[in-house]
Amino acid sequence: MLGILDLLGTIGGNILSLPGILGLALGMMTRNWIVAAILGALVGVFETVVFAGFHLVEISSLDLAVAIIVGVLASSLGCAIRHKGATV
């Protein structure tokens, strides 16, 4: 059973790792919301697989889900920053 501190650590680690930072950067590269969300999800999957050492047995479904959600949210935020910056 995953404790609340483990869950918060997983979320915070993903925000400060590749899905958060690279997702934000990739989202700022496009104005299309769907492309930004797909790129963020791909970064989340890529980060989880790489940090698991390319062993699919090592990947927890919760870690994968959190990485994908953080990647999608960060890339959507990056896309929103691009939209807002372009219209001002």
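The values are calculated or read from the model by the stated rules, or taken from the named source; none is laboratory data. The model shown is predicted, which means the values in this text are computed figures rather than measured ones. Here the Cβ positions follow ideal geometry from the backbone for every residue, glycine too, while neighbour counts run over all protein chains shown. For accessibility, only protein heavy atoms count, side chains too; no ligands or nucleic acids. Shrake-Rupley method; radii C 1.70, N 1.55, O 1.52, S 1.80 Å.
Tabulated results
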| quantity | calculated |
| --- | --- |
| Pairs with Cβ under 6 Å, 6+ apart, first in the stretch 25-37 and under 11 Å from residue 72 (Cβ atoms) and open to solvent by less than 40 Å² (accessible area, probe 1.4 Å), second part of a loop (DSSP other than H, G, I, E, B) and among the polar types (S, T, N, Q) | 36/30 |
| Where residue 7 falls short, out of the listed (1) open to solvent by 90 Å² or more (accessible area, probe 1.4 Å); (2) more than 10 Å from the chain's Cα centre (by Cα) | (1) |
| Residue count for the stretch 10-24, restricted to those that are open to solvent by less than 50 Å² (accessible area, probe 1.4 Å) and among the aliphatic types (A, V, I, L, M) | 0 |
| Residue match in the stretch 26-49 (condition: out of contact with any helix residue (DSSP H, G or I) (no Cβ under 7 Å at 6 or more places or on another chain) and hydroxyl-bearing (Ser, Thr, Tyr)) | no |
| Out of 71, 44, sole residue that is open to solvent by less than 30 Å² (accessible area, probe 1.4 Å), part of a helix (DSSP H, G or I) and within 22 Å of residue 85 (Cβ to Cβ) | 71 |
